[in-house]
Ligand code: ATP
């Protein structure tokens with residue numbers, strides 16, 4: 001059965017993220033800086049989980065994929081070679097009535113600033129002619145602020161991979177095919193950022209470029225397409241909320257042989273969360289041309305020299321994090337029973353390997369010998385799992401708190417022998433002997 005849509009989900013996610021320390025508006029005490037966000041304590045753990053799973057899925061699961069951490073500031077010629085200086089722009093229009101600024105290609109989906117119930121294309125406002133707006137942030141390197149000192153904040157991490165392709169190949173003694181995986185910040189002066197952390201001006205990407213021999217490229221492309229959708233499913237996302245969107249001839253870059261986006265159905269519609277692109281040999285050929293250095297490889301067996309083709313997988317860490325939050329968010333009404341408080345509850349139904357905390361420990365009261373026993377269990381379990389200790393408020397209130405951050409289990413210590421373990425999703429409770437606590441969690445977390 002398809003999950004029921006949750007009214008005002010985005011507003012609820014923003015509010016929960018702030019309340020529970022996932023994500024805060026940047027520079028909030030100064031009124032906020034539009035399109036920039038800060039990750040709070042739980043947000044850091046959640047985003048790092050996403051990054052670790054991604055990097056492991058690349059470098060641990062493939063002998064021939066290596067990690068890289070290239071610098072954000074790079075030689076400005078890189079952005080000429082890549083086409084970003086001349087082409088990385090969006091068509092911008094201004095509404096002459098309300099002065100709001102839009103991407104010309106998004107008027108049908110953007111909200112009118114004056115009449116929020118209408119789309120920008122429907123409000124009758126007159127727009128200026130579209131003009132191209134380059135999305136790269138410029139700054140100056142060194143003390144002089146002139147043309148020769150211009151450098152850019154990278155708008156994607158991929159270029160750092162292309163220009164290090166031979167360094168990695170030779171230092172790691174790889175042969176084609178092999179890949180390079182990188183996680184890092186990227187910056188785009190987006191015309192219409194929005195939808196919380198979906199479209200920001202400073203964000204993080206996880207990009208992998210796979211270098212292949214022409215002729216083997218389409219097989220590699222199909223393989224990566226499948227691997228990447230499986231990766232999202234393994235995060236626990238609902239299958240019916242994920243789909244591929246194939247780039248038609250009008251969307252495809254002139255050099256690209258094929259491109260698919262992986263899309264997720266957000267409350268604001270189906271949107272790209274990852275691109276899987278066949279980039280032909282465009283990037284390396286461009287860097288050969290602009291740098292004057294050879295970026296080709298020699299095949300010992302066939303005695304051929306060629307510039308490898310590239311299959312790219314590129315996913316935003318922030319979009320992946322937002323996807324997890326949106327997918328996990330649920331609300332229901334609960335009856336008073338077994339310590340549960342009657343009324344509405346909000347629960348993040350994260351998969352167990354995603355939840356920032358795995359177990360919460362509650363002494364029923366802030367009294368001995370309960371506190372000492374609970375602390376002992378806490379000290380033992382936290383050697384293996386991320387465990388939280390909470391002794392404040394009624395058990396019902398404590399359940400609500402841990403439900404909101406998606407903790408799969410709450411363990412309560414009372415005056416009897418043994419403990420009670422409550423499951424986040426079913427709210428059922430089991431009584432476990434003190435000596436079986438560790439066994440219980442080992443079995444449960446193995447079941448992931
Ligand atoms: P969109 O069409 O949404 O602008 P794009 O096609 O420009 O995205 P790519 O250049 O393919 O995006 O970037 C790869 C990934 O980086 C995207 O799938 C997305 O997850 C992430 N990403 C791109 N731009 C942003 C942004 N402004 N804020 C957050 N994440 C972003």
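Each reported figure results from applying straightforward, stated rules to the coordinates on display, with no laboratory input. Note that the coordinates shown come from a computational prediction; the quantities given were computed from them, not determined experimentally. Positions of Cβ are generated from backbone atoms using ideal geometry, with glycine treated the same way; all protein chains shown enter the neighbour counts.
Remarks
- The calculated FRET efficiency for the pair residue 128 and residue 380, based on their C-beta separation and a Förster distance of 60 Å, comes to about 0.35.
- DSSP bridge pairs, segment 335-444: antiparallel proportion in percent, nearest 5: 55
- Take the Cα of residue 414, step 7 Å toward its Cβ, do the same at residue 144, and the gap between the two points is 7.8 nm.
- Whole-Å distance, taken between Cα centres, linking segment 376-395 and segment 397-419: 9
- On full extension, the segment bounded by residue 96 and residue 239 gains 47.2 nm, given 0.36 nm per residue less the C-alpha separation.
- Cα-Cα pairs of segment 335-444 separated by more than 16 Å (percent): 54
- Classified by the C-alpha gyration tensor, segment 161-239 has an oblate form. Its axis ratio a/c, with a ≥ b ≥ c, is 1.5 or above, and a/b does not exceed b/c.
- Max mean-square fluctuation residue, GNM over the chain, Cα-Cα springs under 10 Å, options 236, 31, 43: 31
- Value of [θ]222 nm, deg cm²/dmol, for the chain, DSSP H segments ≥ 4, -39500 (n - 2.57) each, nearest 500: -8000 deg cm²/dmol
- Gaussian network model of the chain, springs between alpha carbon atoms under 10 Å - residue of 190, 272, 147 with greatest fluctuation: 147
- You can think of it this way: the chain between residue 113 and residue 60 has 14.3 nm of extra reach, that is 0.36 nm per residue less the Cα-Cα gap.
- Spin-label model, residue 426 to residue 8: label points 7 Å out along the Cα-to-beta-carbon direction sit 3.4 nm apart.
- Among 229, 405, 150, residue whose mean-square fluctuation peaks in a GNM of the chain (springs only between Cα atoms under 10 Å): 150
- Cα-based shape type of segment 106-153, given that a ≥ b ≥ c are square roots of the gyration tensor eigenvalues and the cut on a/c is 1.5: prolate
- Across the chain, C-alpha contacts under 8 Å between residues 6 or more apart give a mean separation that, scaled by the residue count, equals a relative contact order of 12 percent.
- Across the chain, counting alpha-carbon atoms alone, Rg and Dmax equal 25.4, 78 Å.
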